[in-house]
Amino acid sequence: MHFVIMGCGRVGATLASSLEHRGHTVAVIDQNPDAFRRLDPEFSGKRVTGVGFDRQTQEQAGIEEAYAFAAVSDGDNSNILSARVARETYGVDNVVARIYDPHRAEIYQ
């Protein structure tokens with residue numbers, strides 16, 4: 001299965017490595033190309049530099065073939081927007097968004 005992860009912090013990098021070790025294909029999106037240094041040195045998935053809620057960026061990451069999308073950046077609004085694009089524009093059924101603010105999380109649900 002193919003997974004797209006938006007955000008290459010500790011959570012995103014760990015999730016990417018874990019999924020790849022289980023035999024899945026993975027693409028990671030981050031605005032900062034330096035963030036990809038957090039990935040496991042053996043990581044062979046796709047690294048996409050760009051804004052996670054941008055359609056072209058998601059397409060470069062293979063969102064059209066994605067089984068799941070995880071938005072795990074440090075920005076609630078970016079996570080919410082990118083998750084909505086994945087679900088509503090590309091029809092990805094399995095979408096998660098990390099949201100720090102409980103009020104925003106309640107609205108998102």
Q56: passes all of (1) open to solvent by 90 Å² or more (accessible area, probe 1.4 Å); (2) in contact with a Cys (Cβ under 8 Å, 6 or more places away or on another chain) but (2)
Return the residues of the range 3-51 that are assigned to a strand (DSSP E or B) and more than 16 Å from A70 (Cβ to Cβ); say none if nothing qualifies. T49
Every residue in the range 71-97 that is within 19 Å of E20 (Cβ to Cβ) and open to solvent by 10 Å² or more (accessible area, probe 1.4 Å), please. V72, N94, V96
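In this structure, does V85 turn out to be in contact with a Ser or Thr (Cβ under 9 Å, 6 or more places away or on another chain), of a type in the set (A, V, I, L, M), without any contact (Cβ under 8 Å) to a residue 60 or more places away in the chain and under 20 Å from I99 (Cβ atoms)?
So V85 does not fit the description; no.
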Does G52 satisfy the criteria of being in contact with a helix residue (DSSP H, G or I) (Cβ under 6 Å, 6 or more places away or on another chain), of a type outside the set (V, I, T) and free of Cβ contacts under 8 Å to residues at least 60 places away in the same chain? yes
Quick one: in the range 25-43, of everything that is open to solvent by 40 Å² or more (accessible area, probe 1.4 Å) and under 23 Å from Q56 (Cβ atoms), which residue is farthest from the chain's Cα centre (by Cα)? D34
Looking only at the range 55-81, which residues are outside any helix (DSSP H, G or I) and either touching a helix residue (DSSP H, G or I) at 6+ places or on another chain (Cβ under 7 Å) or at pLDDT 95 or above (or both)? A61, G62, A66, Y67, A68, F69, A70, A71, V72, S73
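The values are calculated or read from the model by the stated rules, or taken from the named source; none is laboratory data. Quick caveat: nothing in here was measured; it's all calculated off a predicted structure. All Cβ positions, glycine included, derive from the backbone under ideal geometry; neighbour counts span all protein chains shown. Only protein heavy atoms, including side chains, enter the accessible area calculation; ligands, DNA and RNA are left aside. Shrake-Rupley method; radii C 1.70, N 1.55, O 1.52, S 1.80 Å.
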